[in-house]
1. For Ile41, enumerate residues with amide H under 5 Å from its amide H, sequence gap 5+ or separate chain, H modeled in the peptide plane.
2. Compute log10 of I(q)/I(0) for the range 22-85 with the Debye formula, placing one identical point scatterer on every Cα and leaving out solvent, at q = 0.23 Å⁻¹, to two decimals.
3. Tell me which residues come under 5 Å, amide H to amide H, from Arg46 once H is placed; ignore anything under 5 positions away on its chain.
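Derivation of every value follows stated rules applied to the coordinates shown; laboratory data play no part. As the structure is a computational prediction, the values presented were derived from the model and not from experiment.
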Amino acid sequence: MYNLHPIKLIKKIMPTNGRADGTRKVSIGDRFERDDAAISIWVVERISNVRASRFPLISLSREGRPDITKTVSLDAFVKDGGYHTAV
């Protein structure tokens, strides 16, 4: 009998031609700051490809405060437009 595992069903629905790419390239070490309040700079620490998602995740840490981190979908990070490259 065919296995109806939810993850297998999701993988069948998703395109198999690779992962989605954002319109803006993001690399490890890139520095960004928020558009609304430029008081903190965030550095890209890691880009992770998650098997269950076609969108990579990026891990950011606050410059000068490595204990403050956040992880966000690359697609959401690019489409949100709430960040710009820090100078």
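1. Distant-sequence amide H within range of Ile41: Glu63.
2. -0.98
3. The list, which skips near neighbours in sequence, is Ser59.
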